[in-house]
Amino acid sequence: MLHSIYAMSMSRNQEEPLFNRIEAARNNLRISRADLAKLTDVHYQTIGYIERGEYNPSLALALRLAKALEVEVSEIFSTRPFRKEAK
């Protein structure tokens, strides 16, 4: 019984938040979510989930996103919030 309670609590641990600049990088290239989705072989809604922080991509997908957006992974993903850029 204790083992299953322990297993349940472990499986409900939340992931560390992941912050991203996907939308800004995408806008810099003037491409849509659908365009980025095609370039990275995911559904366009997945791009929206990632941009809103509702879904953390796998490492493989993060690398594909960075390549498609022509940036380094560290430029679009961070475990700390990005500073606001001056316009």
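Taking the criterion of being of a type in the set (A, V, I, L, M, F, W, C), modelled with pLDDT of 90 or more and either over 13 Å from the mean Cα position of the chain (by Cα) or open to solvent by less than 100 Å² (accessible area, probe 1.4 Å) (or both), would at least one residue in the stretch 48-59 satisfy it?
Within the stretch 48-59, the first condition is being of a type in the set (A, V, I, L, M, F, W, C), and the residues that meet it are 50, 59.
Add one more test, that the residue is modelled with pLDDT of 90 or more, and what stays is 50, 59.
With either over 13 Å from the mean Cα position of the chain (by Cα) or open to solvent by less than 100 Å² (accessible area, probe 1.4 Å) (or both) added as a condition, the list becomes 50.
Scanning the stretch 48-59, I find at least one residue that is of a type in the set (A, V, I, L, M, F, W, C), modelled with pLDDT of 90 or more and either over 13 Å from the mean Cα position of the chain (by Cα) or open to solvent by less than 100 Å² (accessible area, probe 1.4 Å) (or both), so the answer is yes.
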Taking the stated definitions as given, is GLU85 at pLDDT below 95 and either open to solvent by 90 Å² or more (accessible area, probe 1.4 Å) or assigned to a helix (DSSP H, G or I) (or both)? yes
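The values are calculated or read from the model by the stated rules, or taken from the named source; none is laboratory data. Because the structure is predicted, anything quoted here is derived from the model rather than measured. What goes into the accessible areas is simple: the full protein's heavy atoms, side chains included, and nothing from ligands, DNA or RNA. Shrake-Rupley method; radii C 1.70, N 1.55, O 1.52, S 1.80 Å.
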